[in-house]
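Here's the structure, in structure tokens; my notes come after.
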Amino acid sequence: MLELENVWKSYRVGSLGSKRLTAVRDVSFTIAPGEVLSVVGESGSGKTTVGKMVLQLISVTRGTIRLDGRDITAAGKRGLREYYRKVQGVFQDPFSSYNPIFKADRVLEMVRQTYFPRVGRSEWQAKVEESLQSVGLDPGAVLGKYPHQLSGGQLQRMLIARALLLDIEVLVADEIISMLDASTRIDVLNLLGELKERGLAVLFVTHDLSLANYISERVIIMRHGAVVETGATAKVFGDPRHPYSRNLLASVPQLHTKWADNQFHAEELEPDGDRDRPPAPLTKVDENHWAAAAG
Amino acid sequence: MTTDATLKSDSVGESRERLYFAFRNPKVVIGLAIVLGLLLVGLIAPLLLSAEPTQQFDAKSASPSGEHWFGTTYFGNDVFTQFAYGIRSSFMVGALGGGIAFVIGLTVGFTAGYRGGLVDEFLNMLTNVVLVLPALVVLIVLSTYLENRGPVSQAIIIGVFSWPWVARAVRAQTFTLRNRDYVDLAKLSGKRAPQIIVREVMPNMASYLLMSVILLFGGAILFAAMLDFIGLGPTDSISLGSMMQQSMAWSALHLGLWWWFVPPGLAITAIVGGLYITNVGLDEVFNPKLREM
Ligand SMILES: Nc1ncnc2c1ncn2[C@@H]1O[C@H](COP(=O)(O)OP(=O)(O)OP(=O)(O)O)[C@@H](O)[C@H]1O
Ligand SMILES: [Mg+2]
């Protein structure tokens, strides 16, 4: 179980860190094993920042992140290594996730170096092949190739296979399918569905509301670094309470309507204010459904 | 998207291809030939010569002949012997001074670029201070303080003052490279910062680093020659710059002893020129990649 409790993140910007940019404000949520939690929201709302904090690629300014009850920010370098045994990530751009001058399967080899230094060659080979097959890749077709010789979908799946070499409990997937075409998309999405069935907790960051709706049972909507609405996917998408959520949902083009038919009028939203102030608190509006007051 | 992929990533298997192109580039070949040829003279000739550079022959101010290839000086030293030892010393100072500058520049640049934040602010300040220090003035002051100046102390002084521009460029490139997702992925694989810098960041700027080494090497040789020429060279050994300084001090030009100062002058010009030509050639070979970064 992954828990975030009142997590804040401020970046230092400007010379000598003179200014601060608060990117994440007072975010709390939990993800249980076998659950996919989607995080949606406009560009710059802090989604990636949340994912990177969970992966400990950036520090937490305030608040705590716990895995199975243990505070992960307190773990040292050693503890971090053990943490990555359980928590892994896959990023948006498959091409930038691979160092272009090395063969793609080096990402798998690095896992062996750190986590399985004593495993024999043939045993490791078998483990790699099994893991590649489990994400629907043909080992013969992807091993020994350079990143540019593989497709985005293959690369992205190899990254998932890499994560599966470890006994992970949590996967942070930051827009992992936004750069894939529609048919590859659904394959990777279904793969996530299978992983969920096997008990993996997934933090699924996306721009795409229909993807969030398809894959997750719970969703978080973020704006200006804070959570504006959260709850069961059906509740939040079926009956959005926050004006920002309503705008977001209304702005998704429907397959059977044309632009001319009904033009969408956005509701007036509160402008971005002082980000160091605590955001409007979430209140329960229904069973499994919370929304922030729109001020 | 697939076309995008092929466009972006023809950078693979390229290092071997580049090597091939490098050796077909006339500038690289000519430049390297000059530099390596002189290096051979500096390495081999001193072993074969029986005379010492300080040894004085009876024939003073003799013009080039079969016995004294490059003639002798006003004091009867064999100019070719001095020339060969001088080349050796110049390469030594270049390698050591350039090497020291490279190591400091790389360390400062990678640390600043990778760590960022306050560490970067501090190192950046240090870099700028050394950059604007009037290096020549400081070198003159330091050199006059050192009673016994050898080529090693000269190289160290040069190295300590010529790293800033490498540090700046390495820092700037590290800044962009450290934000690549593959750096994050290496962290998620439990890799530490030094490993990440060496294995993920450095190979992506290998061409740039190679070119900096060459420029630092040439710069150190030139700097050393200049110090020697103004009389701040090694006190106990011969160098190309000190040959020129001696020849000027004893009015070789007026006495018509051209063989005393022309060979060292040409050698310095050839080494530094050869290195620059090599660099221009390498630039042509590597440039698409540099633009890409
Ligand atoms: N390293 C950084 N230094 C300073 N500010 C940063 C840094 N990284 C992100 N930010 C800022 O933090 C805010 C949140 O960024 P984040 O990447 O989390 O947004 P996002 O929701 O993932 O957006 P997108 O949907 O475009 O990916 C943005 O305003 C961004 O400019
Ligand atoms: Mg993002």
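The values are calculated or read from the model by the stated rules, or taken from the named source; none is laboratory data. This one's a predicted model, so the numbers in the text were calculated from it and none came from an experiment. Note that we place each Cβ from the backbone using ideal geometry, even for glycine, and neighbour counts take in every protein chain shown.
Here's a check for you: in the range A:11-44, which residue that is acidic (Asp, Glu) and at negative phi is nearest to ligand 2 (Cβ to nearest atom)?
So the first thing to find is which residues in the range A:11-44 are acidic (Asp, Glu), and the list is A:26, A:35, A:42.
Checking the rest, the ones that are also at negative phi come to A:35, A:42.
On the way: A:Glu35: 21, A:Glu42: 10 Å.
Filtering the range A:11-44 for residues that are acidic (Asp, Glu) and at negative phi, the one nearest to ligand 2 (Cβ to nearest atom) comes out as A:Glu42.
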Worksheet item: Could you say which residue among A:Gln156, A:Gln149 is in contact with a strand residue (DSSP E or B) (Cβ under 7 Å, 6 or more places away or on another chain) and of a type in the set (S, T, N, Q)?
Response: A:Gln156
Worksheet entry | In the range A:216-250, the residues that are of a type in the set (D, E, K, R) and over 19 Å from A:Gly44 (Cβ atoms) | A:Glu217, A:Arg218, A:Lys235, A:Asp239, A:Arg241, A:Arg246
Practice prompt. Could you please find all residues in the range B:123-151 being in a helix (DSSP H, G or I) and among the small types (Gly, Ala, Ser)?
Written response: B:Ala135, B:Ser143
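For the range A:1-10, check the following and say yes or no: at least one residue is among the hydroxyl-bearing types (Ser, Thr, Tyr), away from ligand 2 (no atom under 16 Å from the Cβ), under 17 Å from the mean Cα position of the chain (by Cα) and on the phi < 0 side of the Ramachandran plot. Give the derivation first.
Here is the first cut: in the range A:1-10, the residues among the hydroxyl-bearing types (Ser, Thr, Tyr) are A:10.
Okay, now just the ones that are also away from ligand 2 (no atom under 16 Å from the Cβ), so A:10.
Imposing the further condition that a residue be under 17 Å from the mean Cα position of the chain (by Cα) reduces the set to none.
Within the range A:1-10 (the criterion being among the hydroxyl-bearing types (Ser, Thr, Tyr), away from ligand 2 (no atom under 16 Å from the Cβ), under 17 Å from the mean Cα position of the chain (by Cα) and on the phi < 0 side of the Ramachandran plot), the answer is no, since none of the residues qualifies.
State all residues of the range B:142-167 that are buried (at least 19 other Cβ atoms within 10 Å of the Cβ) and under 21 Å from B:Gly116 (Cβ atoms); if no residue qualifies, say none.
Listed by number, the residues that qualify are B:Trp163, B:Pro164, B:Val166, B:Ala167.
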Discussion item. Any residue in the range A:170-182 that is closer than 11 Å to A:Leu192 by Cα sitting within a Cβ distance under 7 Å of a residue that is of a type in the set (Asp, Glu) and not in a strand (DSSP E or B)? List the pairs, counting only those 6 or more apart or interchain.
Written reply: none
Worksheet, complete the sentence: Of the residues in the range B:164-200, those that are in a helix (DSSP H, G or I) and within 9 Å of chain A (Cβ to nearest Cβ) come to B:Asp181, B:Tyr182, B:Val183, B:Asp184, B:Leu185, B:Ala186, B:Lys187, B:Leu188, B:Arg199, B:Glu200
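Condition first: facing chain B (nearest Cβ under 7 Å) and either basic (Lys, Arg) or out of contact with any strand residue (DSSP E or B) (no Cβ under 8 Å at 6 or more places or on another chain) (or both). Now tell me which residues in the range A:78-100 satisfy that. Give the steps one after another, and end with the answer.
Residues of the range A:78-100 that are facing chain B (nearest Cβ under 7 Å), as a first pass: A:81, A:84, A:88-89, A:91, A:93, A:95-100.
Within the range A:78-100, A:Arg81, A:Tyr84, A:Asp93, A:Phe95, A:Ser96, A:Tyr98, A:Asn99, A:Pro100 qualify.
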Discussion item. Which residue is farthest from the other protein chains (Cβ to nearest Cβ), if the candidates are limited to the range A:114-143 and must be in contact (Cβ under 8 Å) with a residue 40 or more places away in the chain and more than 28 Å from A:Lys77 (Cβ to Cβ)?
Written reply: A:Gly136
Worksheet, complete the sentence: Turns out the strands (runs of 3 or more DSSP E) fully within the range A:1-95 with at least 3 residues that are within 15 Å of ligand 1 (Cβ to nearest atom) are A:2-13, A:19-31, A:36-41
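Taking the conditions exactly as written (at pLDDT 95 or above, surrounded by 14 or more Cβ atoms within 10 Å (Cβ to Cβ), over 12 Å from the mean Cα position of the chain (by Cα) and hydroxyl-bearing (Ser, Thr, Tyr)), does A:Ser38 satisfy them or not? Steps first, answer last, please.
Working: at pLDDT 95 or above: yes; surrounded by 14 or more Cβ atoms within 10 Å (Cβ to Cβ): yes; over 12 Å from the mean Cα position of the chain (by Cα): no; hydroxyl-bearing (Ser, Thr, Tyr): yes.
So A:Ser38 fails the test.
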Worksheet item: Does any residue in the range A:35-55 that is away from every other protein chain (no Cβ under 14 Å) and over 17 Å from A:Ser210 (Cα atoms) come within less than 7 Å, Cβ to Cβ, of a residue that is part of a loop (DSSP other than H, G, I, E, B) and more than 6 Å from ligand 1 (Cβ to nearest atom) six or more places away or on a different chain, and which pairs are these?
Response: A:Glu35/A:Glu217; A:Ser45/A:His224; A:Ser45/A:Gly225; A:Gly46/A:Gly225
Discussion item. Tell me yes or no: at least one residue of the range A:58-77 is free of Cβ contacts under 8 Å to residues at least 12 places away in the same chain, facing chain B (nearest Cβ under 10 Å) and away from ligand 2 (no atom under 13 Å from the Cβ).
Written reply: yes
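Quick one: is A:Tyr146 over 19 Å from A:Leu4 (Cα atoms) and either away from chain B (no Cβ under 14 Å) or crowded, with 21+ Cβ neighbours inside 10 Å (or both)?
On the way: over 19 Å from A:Leu4 (Cα atoms): yes; either away from chain B (no Cβ under 14 Å) or crowded, with 21+ Cβ neighbours inside 10 Å (or both): no.
When the stated conditions are applied, A:Tyr146 does not pass them.
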Worksheet item: If we keep just the residues of the range A:167-212 that are within 14 Å of chain B (Cβ to nearest Cβ) and surrounded by fewer than 16 Cβ atoms within 10 Å (Cβ to Cβ), which is farthest from ligand 2 (Cβ to nearest atom)?
Response: A:Ser183
Response to the item:
Residue hits (the range B:30-68; over 24 Å from the mean Cα position of the chain (by Cα) and in contact (Cβ under 8 Å) with a residue 24 or more places away in the chain) are B:Leu49, B:Ala51, B:Glu52, B:Pro53, B:Thr54, B:Gln55, B:Ser61, B:Ser63, B:Pro64
Fill in: Meets criteria (away from ligand 2 (no atom under 16 Å from the Cβ), more than 8 Å from chain B (Cβ to nearest Cβ) and of a type in the set (Val, Ile, Thr)) for A:Val111
no
